[in-house]
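Worksheet for the structure shown next.
Readers should treat all values here as calculations from the given coordinates under stated rules, not as data from a laboratory. The model shown is predicted, which means the values in this text are computed figures rather than measured ones. Using ideal geometry, Cβ is built from the backbone for each residue, glycine included, and neighbour counts are taken over all protein chains shown.
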Amino acid sequence: MSHVLKDFVAGAFLIAAALFAGVALLVILFILGLLFRLLVVLGSALFFLALLGLAIWCVGFAYRKAKEIRKP
């Protein structure tokens, strides 16, 4: 009968450990999801600012080239 009790306790411990690991993993993945969502927002904002800077530079470059072409 002692083997049955040991197996029961070991099984209960393994199930409790698996549940704890699952909850811990859920919390970790939730935090990582928030972190990656924040990184996506910051990356998108940085890309938008870089695109805006490129557009402004292109307008200035075209203006300078147009002035050079019109100069005799």
Taking Cα atoms only, Rg over Rh for the chain with Rh from the Kirkwood formula is 1.71
When the helices in the chain are scored as -39500 (n - 2.57) per DSSP H run of 4 or longer and the sum is shared across all residues, what 222 nm value do you end up with, to the nearest 500 deg cm²/dmol? -36500 deg cm²/dmol
Would you kindly derive the ³J(HN,Hα) couplings of segment 60-68 from the backbone phi angles with the Karplus curve 6.51 cos²θ - 1.76 cosθ + 1.60 (θ = phi - 60°), listing them in order in whole Hz, with x for Gly and Pro? x, 5, 5, 5, 5, 5, 5, 5, 5
Tell me the net charge near Lys71. Cut-off is 12 Å between Cβ atoms, Lys71 excluded, with +1 for each Lys or Arg and -1 for each Asp or Glu. +3
Once phi is turned into θ = phi - 60°, what whole-Hz ³J(HN,Hα) does the Karplus curve with 6.51, -1.76 and 1.60 give for every residue of segment 27-35, x standing for Gly and Pro? 5, 4, 5, 5, 5, 5, x, 5, 5
